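The values are calculated or read from the model by the stated rules, or taken from the named source; none is laboratory data. It should be emphasised that the depicted structure is a prediction, and the values quoted were computed from it without experimental measurement. Ideal geometry is used to build each Cβ from the backbone, glycine not excepted, and the neighbour counts take in all protein chains shown.
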């Protein structure tokens, strides 16, 4: 069993931000998948049609990105060994969905929903990568057991 290092000053702020970020993503996923009308009525109908017609694997990648990220954030705050793995799954999921939505989909997402949402997806992908790398670093320096 590895000796657990002292928590650096940045660990709690990063963990709290990761939790809030991924909780927001999980809420968005859940309300969208449940077609919660007070939530989904706030976007144009063509957006909903576009997302409803995504291949199942893209929806699955989105789910892995969202729920893997939330699990990873919880594990990170708890300083659990599996946090980097969950955050890696989150990164792969959100990256796969982003690549399909922005580069492979016909039409690409930016033509249907605009550049604002495309930028959100790119930021989400970058955030997932940074959180995964952060968790790996914290494990490497024994902050995470």
Scanning the range 31-52 residue by residue, those under 23 Å from residue 90 (Cα atoms), modelled with pLDDT of 90 or more and either in contact with a helix residue (DSSP H, G or I) (Cβ under 7 Å, 6 or more places away or on another chain) or exposed (fewer than 11 other Cβ atoms within 10 Å of the Cβ) (or both) turn out to be 31, 32, 34
The number of residues in the range 29-44 that are part of a helix (DSSP H, G or I) and more than 20 Å from the chain's Cα centre (by Cα) is 2
Check the range 49-63 and report whether any residue there is more than 18 Å from the chain's Cα centre (by Cα), touching a residue at least 40 places away in the same chain (Cβ under 8 Å) and assigned to a loop (DSSP other than H, G, I, E, B). yes
Within the range 88-119, restricting to residues that are free of Cβ contacts under 8 Å to residues at least 12 places away in the same chain and either within 11 Å of the chain's Cα centre (by Cα) or outside any helix (DSSP H, G or I) (or both), the one that is surrounded by the most Cβ atoms within 10 Å (Cβ to Cβ) is 108
With the first residue restricted to the range 123-144 and required to be without any contact (Cβ under 8 Å) to a residue 60 or more places away in the chain, and the second required to be crowded, with 22+ Cβ neighbours inside 10 Å and in a helix (DSSP H, G or I), Cβ contacts under 7 Å at 6 or more apart or on different chains are 125/94; 125/98; 129/91; 136/84; 139/84
Checked pairs for the range 17-28, first part of a helix (DSSP H, G or I), second surrounded by fewer than 17 Cβ atoms within 10 Å (Cβ to Cβ) and modelled with pLDDT of 95 or more, C-beta under 8 Å and 6 or more apart or across chains, list as 18/77; 19/77
